[in-house]
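The values are calculated or read from the model by the stated rules, or taken from the named source; none is laboratory data. Keep in mind that what you see is a predicted model, and the values were worked out from it rather than measured. Because the Cβ atoms are built from the backbone with ideal geometry, glycine has one as well, and the counts that use them run over all protein chains shown.
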Amino acid sequence: MGSLWLDTDGRPETCHRFADFLEPRLGAIDELRIAFTGDGLLWAGLAMHRDRGEAPFSHSDRDVLRRMIPTVVDGLRHSLFHGAPVEGNDRWIQAPAVIMVTASGFQASSAGLAAIDDLGGLDHGDLPTSMLSVVGSVRSGAPAAMVRTRDTTGRWVTIRAAPLSDGASVVLSVTATSAVELFPLATGAFGLTRREQEVADLVLQGTSTAAIAKALVLSPHTVQDHLKSIFRKFGVASRRDLVGRFIGTQ
């Protein structure tokens, strides 16, 4: 969690983001960013702003929001995989969705424009926050960045970013999230332990109880205990239901 005003000792004008974006485009004097993390996963990010004429975020504000993080993470974990996707724009799934972000703006393929629309559209002329987050990571020095999110149709998508040789431009690609990519997020959302994740992974591959026991060096009885716990957490009663529930999260 970071507060622009507090982290700059009340001098936000020393921050490029303030001078280039927050003040001229949003009229904001302060920004507070929160990373909602839990179980080693980043579940969401939030940016809050204070406008001209308002008091900047205080230490007390930051402490209150920090105490809310576990509750928000728990809510996100239980809500992310509810609801089936509605009919959306599938043009970008059938063709590469590519967006080129430069210092002066962006260019996108027709599929890229469709992906932008499905991710919420432009915000004050800028790309959706989910795209800007990975662009920011790459421009901050990361060799690559990736985020998985649900678009406005409820469909899971993966956004990847990589830098170009000029040092300022970033290329984005948007694809439908595969089951392999979604697995750790889904099992984390349902609160599976590391061992339960290993068992669930093998179940989704069609592995028998005896083969799971051999692969994980467990007794068949212990595997059955793990399966019962997995079924309870996913709210299902059988292997078939588990596979169906997991596929349904896509």
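Per this entry, D166 is counted among residues that are free of Cβ contacts under 8 Å to residues at least 24 places away in the same chain and of a type in the set (D, E, K, R). Of the residues making up region 15-51, those that are over 14 Å from the mean Cα position of the chain (by Cα), small (G, A, S) and in a strand (DSSP E or B) number 2. Under the condition of being under 30 Å from T102 (Cβ atoms), in contact with a helix residue (DSSP H, G or I) (Cβ under 6 Å, 6 or more places away or on another chain) and crowded, with 17+ Cβ neighbours inside 10 Å, the residues counted in region 173-211 number 1. For region 1-42, filtered to residues that are hydroxyl-bearing (S, T, Y) and more than 30 Å from T193 (Cα to Cα), the residue that is surrounded by the most Cβ atoms within 10 Å (Cβ to Cβ) is S3.
When I34 is tested against (1) within 22 Å of T71 (Cβ to Cβ); (2) touching a Pro at 6+ places or on another chain (Cβ under 8 Å); (3) not basic (K, R), just one condition goes unmet, and that condition is (2). Being in contact with a helix residue (DSSP H, G or I) (Cβ under 9 Å, 6 or more places away or on another chain) and either at pLDDT below 95 or over 30 Å from S165 (Cβ atoms) (or both) is a property that does not hold for R25. Has region 191-204 got any residue that is under 28 Å from the mean Cα position of the chain (by Cα), in contact (Cβ under 8 Å) with a residue 60 or more places away in the chain and either under 22 Å from G40 (Cα atoms) or assigned by TED's automatic domain parsing to the domain that holds T37 (or both)? Yes, some residue in region 191-204 is under 28 Å from the mean Cα position of the chain (by Cα), in contact (Cβ under 8 Å) with a residue 60 or more places away in the chain and either under 22 Å from G40 (Cα atoms) or assigned by TED's automatic domain parsing to the domain that holds T37 (or both).
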